[in-house]
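Colleague: Got a structure here, written out as structure tokens. Questions coming.
The values are calculated or read from the model by the stated rules, or taken from the named source; none is laboratory data. Here the structure is a predicted model, which is why all the values come from computation and not from measurement. FYI the Cβ positions are ideal-geometry reconstructions off the backbone, even for glycines, and counts take in every protein chain you see. Please note that ligands, DNA and RNA were not included when accessible areas were found on the heavy atoms of the full protein model with its side chains. Shrake-Rupley method; radii C 1.70, N 1.55, O 1.52, S 1.80 Å.
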Amino acid sequence: MDEKRKRVTAPRIAAALSALLAGAALYTVSGSERQGIQVKEYAEAAEAADSTIMVYMNGSDLEGDYGAATADLREMMDALRTAGQEENFPSLHVVVEAGGSTRWELDEMDGVPYARFSLTEDGISSMEPMEIRNMGDADTLTDFVNYGVQSYPANHYGLILWNHGGGPVGGYGSDSHFDGDGLSLEEIREALDHSVMADKAFDFVAFDACLMGSVEIADCLEGRAGYVIASPELEPQDGYDYSWMTALGDSLPSDMEWGEAVGRSMVDAYDAYYASGTAPVAMSLLDMKEYPAFHEVFHQYVDGIPQELREELYRELGKDRMKMLAFGSRQAGGSPELVDVLEFLDACQSVYPDESAFQTLKERMGKLVTDQWAKGYPGNPSGLTIYLPSGSNPYLSEDLETYDTTGFCSAYRQLTDGYAVYLARESGVEWGNINAHKDGTVEISIAPEDVSDVTGAYLAVFCPVGDDGNYYLLCTDSDVDIGVDGTLRAAPENSYMGMKGQVLCLIETMNLDAYTEYMAPVLYNGELCTMRIGFDEEHEDGQVLSVTPAGQTSEAAKQIYELKEGDRVTPLYLVERMEDVGEAPGNTGNASGQIMEDRYYTDSYYMGTEFYIEEPDDMLLETVPVSGDGYFYGFMLMDVRQNIYYTDFTGIETEDTGS
């Protein structure tokens, strides 16, 4: 093999791929200093009721930019007005602590950045403006719980945590007044344990936040909640449909625990609200009485995986990453770090088969997830996710430190630590010269010993954008033949998938037996986003599932858009200098000249032509012809550690060197 090379992801593209879906991924609790809130005791402010529901509403940018918290408060008041017309509706307190946002649309919060109040069928009452507090401080949550329980006594208590969510690593919440500080799982546990509810579990704890439906969150709330309601997936900006509050009356089953009945009402309302959309969404209800039994078998199974099999297991996890049902981030060139619990266990079974334990785990999982609703997935999710580190995460070391504080299963944390060591190990893929043949195919050979390490191979199509040495990635194509000898061969197409005559830069993010998913960077109504696109038997031509903002932080967005008439879309293409990507021949037909600066979006993307969604057919995908003039072709490779490699590139007119 001539001139063997090892080359990791092209630097500019690597940086863009790492940041691209940060807004739909996990975010890191900033860990600002404790504010020193004085936790108080409170006198009764109202007569005892049948139930008290406390809403910890950290408005953040969701309220400041979009008014989302105000919209949900109005939903709650509408529901209470409807419920108030029911003759025998049980007595109910709804108590809110509102803060975390630099601006509120709610009239009563005009000029009031932080307050406590109650909601009734007549609107807001008992308004108490307060000094700004850090809603990412455990003491703030502790004091609110004390206030809600002691001031508004009841037979049943529920707690709703409203804001962004980032799963077991990202935690909950992002306070705009305190540099985005939030509550880690350790802090949530601490807040509840230091409150007046320390010796009594809430009837339910619900997260109106993204990605909180994980087994680690269940572990965090063991003994602290009878039921947990949370989504394993990103939530749309509208979040919960609070019409579920109207079901707190006679329609609640009398033979069911209050927390379970409320939880089922939440899941049903979520189902009804989002059933007609295209975006994948999910909601789960956990019966926490069943968690200890699940955890016992889970710990025993993971702990029992022999050390001598763990290297093989880590390799298997790497090979299966693109095949696992994953949630949250759809990161170009990377892997989501929240995967379905049963998908993880199934991967373990291939290395350490224990059918009896696996069946027991599935049975206990079925009891733990007592109710769930999900749509938009190629299979049936189990209802819970688990954190599985990815080698594509540039903050892996810091995230593992946070994960160790979750207190989740010690056997699993030991396994993830070992997996992280495996992911961090230096690796590489070797290849020879790239050839373009007279039959129009492109071919390259990788070292035979590296073939088993390659988990994905894609033809990468680059277009020159001027005579300044810049090229943009038009798209990738997974139709690549991989020979047992390490030969990769692909034929460039004369058309690629797009919309309204514009090719979309599709990058594969999931590849299951009957389902493939891609993402494409776009400007959606002027905002940097990723378009999520799925292909299956029902949608052979593809379907746009959703559009999600892509921030420069790793905060979970709680914003999922669906295309609608009037939207503006500009395709984006990742930019690279060819000498950074691989050696290429001289220009083979570029006549575009120097590109205008206004065709760049930052220095990472080249902008296509903006188009409008004017009618329903404009939301459909189509094949878009391409000329191929001046294009360069090579291969993008992914290995078992989620490293990305670009081979050398060639123009299709290159003189044939073989076959």
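Colleague: Are there any pairs with C-beta distances below 6 angstrom linking a residue in region 401-419 that is in contact (Cβ under 8 Å) with a residue 24 or more places away in the chain to a residue that is surrounded by fewer than 14 Cβ atoms within 10 Å (Cβ to Cβ), with the two at least 6 apart or on different chains, and if so which?
Modeller: Hits for this filter: 411/303.
Colleague: Are any residues in region 469-527 more than 19 Å from the chain's Cα centre (by Cα) and of a type in the set (Val, Ile, Thr), and if so, which ones?
Modeller: Within region 469-527, 476, 480, 482, 484, 487, 503 meet the criteria.
Colleague: Pairs needed: first member in region 193-208, acidic (Asp, Glu); second member anywhere, open to solvent by 10 Å² or more (accessible area, probe 1.4 Å) and part of a strand (DSSP E or B); C-beta distance under 6 Å; at least 6 residues apart or different chains.
Modeller: Listed pairs, sorted by first residue: 203/156; 203/157; 203/226.
Colleague: I need a count of the residues in region 508-550 that are among the polar types (S, T, N, Q) and surrounded by fewer than 23 Cβ atoms within 10 Å (Cβ to Cβ). Break it down into steps so the answer makes sense when it comes.
Modeller: Step one: list which residues in region 508-550 are among the polar types (S, T, N, Q), which gives 509, 511, 516, 525, 530, 543, 546, 548.
With the extra rule that they be surrounded by fewer than 23 Cβ atoms within 10 Å (Cβ to Cβ), the set shrinks to 511, 516, 525, 543.
Residues that pass the stated criteria total 4.
Colleague: Just for region 130-165: of the residues that are in a helix (DSSP H, G or I) and of a type in the set (S, T, N, Q), which one is most open to solvent (accessible area, probe 1.4 Å)?
Modeller: Of region 130-165, the ones in a helix (DSSP H, G or I) are 138-151.
Of the ones still in play, those that are also of a type in the set (S, T, N, Q) are 140, 142, 146, 150-151.
Working: 140: 0, 142: 2, 146: 7, 150: 42, 151: 3 Å².
Among those residues, the one meeting the criterion is 150.
Colleague: Which condition number in (1) in contact (Cβ under 8 Å) with a residue 40 or more places away in the chain; (2) in contact with a Phe, Trp or Tyr (Cβ under 7 Å, 6 or more places away or on another chain); (3) farther than 21 Å from residue 311 by Cβ is the one that residue 489 fails?
Modeller: (2)
Colleague: Looking at 364, 425, which is the one that is at pLDDT 95 or above and open to solvent by 20 Å² or more (accessible area, probe 1.4 Å)? Don't jump to the end; show me each part of the working.
Modeller: Numbers: 425 fails: at pLDDT 95 or above.
Just a single option satisfies the conditions, and that option is 364.
Colleague: In region 222-238, how many residues are touching a helix residue (DSSP H, G or I) at 6+ places or on another chain (Cβ under 7 Å), surrounded by 24 or more Cβ atoms within 10 Å (Cβ to Cβ) and either part of a loop (DSSP other than H, G, I, E, B) or hydrophobic (A, V, I, L, M, F, W, C) (or both)?
Modeller: Count: 5.
Colleague: If we scan region 454-465, do we find a residue that is of a type in the set (Ser, Thr, Tyr), within 22 Å of residue 646 (Cβ to Cβ) and open to solvent by less than 30 Å² (accessible area, probe 1.4 Å)?
Modeller: First pass over region 454-465, keeping only residues of a type in the set (Ser, Thr, Tyr): 455, 458.
Pick out the ones that are also within 22 Å of residue 646 (Cβ to Cβ) and you get 455, 458.
Remaining after also requiring open to solvent by less than 30 Å² (accessible area, probe 1.4 Å): 458.
Yes, region 454-465 contains a residue that is of a type in the set (Ser, Thr, Tyr), within 22 Å of residue 646 (Cβ to Cβ) and open to solvent by less than 30 Å² (accessible area, probe 1.4 Å).
Colleague: Let me ask something else. Output the residue which, of all residues in region 482-507 that are touching a Leu at 6+ places or on another chain (Cβ under 7 Å) and more than 18 Å from residue 622 (Cα to Cα), is surrounded by the most Cβ atoms within 10 Å (Cβ to Cβ).
Modeller: Going through the qualifying residues, I end up with 490.
Colleague: Scan region 576-589 and give yes if some residue there is in contact with a strand residue (DSSP E or B) (Cβ under 8 Å, 6 or more places away or on another chain), part of a strand (DSSP E or B) and modelled with pLDDT under 80, otherwise no.
Modeller: Checked region 576-589: at least one residue is in contact with a strand residue (DSSP E or B) (Cβ under 8 Å, 6 or more places away or on another chain), part of a strand (DSSP E or B) and modelled with pLDDT under 80.
Colleague: Among the residues of region 385-436, what is the count of those that are of a type in the set (Phe, Trp, Tyr), within 21 Å of residue 455 (Cβ to Cβ) and either in contact with a strand residue (DSSP E or B) (Cβ under 6 Å, 6 or more places away or on another chain) or in a loop (DSSP other than H, G, I, E, B) (or both)? Spell out how you get there, then give the answer.
Modeller: Step one: of region 385-436, the residues of a type in the set (Phe, Trp, Tyr) are 387, 395, 403, 408, 412, 419, 422, 431.
Subset that is within 21 Å of residue 455 (Cβ to Cβ): 387, 419, 422, 431.
Right, trim to either in contact with a strand residue (DSSP E or B) (Cβ under 6 Å, 6 or more places away or on another chain) or in a loop (DSSP other than H, G, I, E, B) (or both) and you get 431.
Residues flagged as of a type in the set (Phe, Trp, Tyr), within 21 Å of residue 455 (Cβ to Cβ) and either in contact with a strand residue (DSSP E or B) (Cβ under 6 Å, 6 or more places away or on another chain) or in a loop (DSSP other than H, G, I, E, B) (or both) within region 385-436 amount to 1.
Colleague: So, in region 47-96, how many residues would count as being part of a loop (DSSP other than H, G, I, E, B) and open to solvent by 10 Å² or more (accessible area, probe 1.4 Å)? Steps first, answer last, please.
Modeller: Our first condition is that a residue be part of a loop (DSSP other than H, G, I, E, B); within region 47-96, this holds for 47-48, 59, 67, 85-91.
Filter once more, so that each one left must be open to solvent by 10 Å² or more (accessible area, probe 1.4 Å): 47-48, 85-91.
Count: 9.
Colleague: Return the residue satisfying two criteria in turn: it lies in region 166-217 and is of a type in the set (Asp, Glu) and assigned to a helix (DSSP H, G or I), and of such residues it is surrounded by the most Cβ atoms within 10 Å (Cβ to Cβ).
Modeller: Only one residue tops the list, namely 187.
Colleague: Out of 318, 376, which single residue is under 20 Å from residue 517 (Cα atoms) and open to solvent by less than 10 Å² (accessible area, probe 1.4 Å)?
Modeller: Values: 376 fails: open to solvent by less than 10 Å² (accessible area, probe 1.4 Å).
Only one candidate passes the filter, namely 318.
Colleague: For a quick check of your reading of the model, give me the residue pairs whose first member lies in region 48-77 and is within 22 Å of residue 561 (Cα to Cα), whose second is part of a helix (DSSP H, G or I) and charged (D, E, K, R), with beta-carbon atoms closer than 6 Å and at least 6 apart or on different chains.
Modeller: Sorted first by the residue in region 48-77, then by its partner, the pairs are 69/63.
Colleague: Sticking with this one: Could you tell me which numbered condition residue 267 fails, if it satisfies all but one of (1) under 25 Å from residue 549 (Cβ atoms); (2) open to solvent by less than 10 Å² (accessible area, probe 1.4 Å)?
Modeller: (1)
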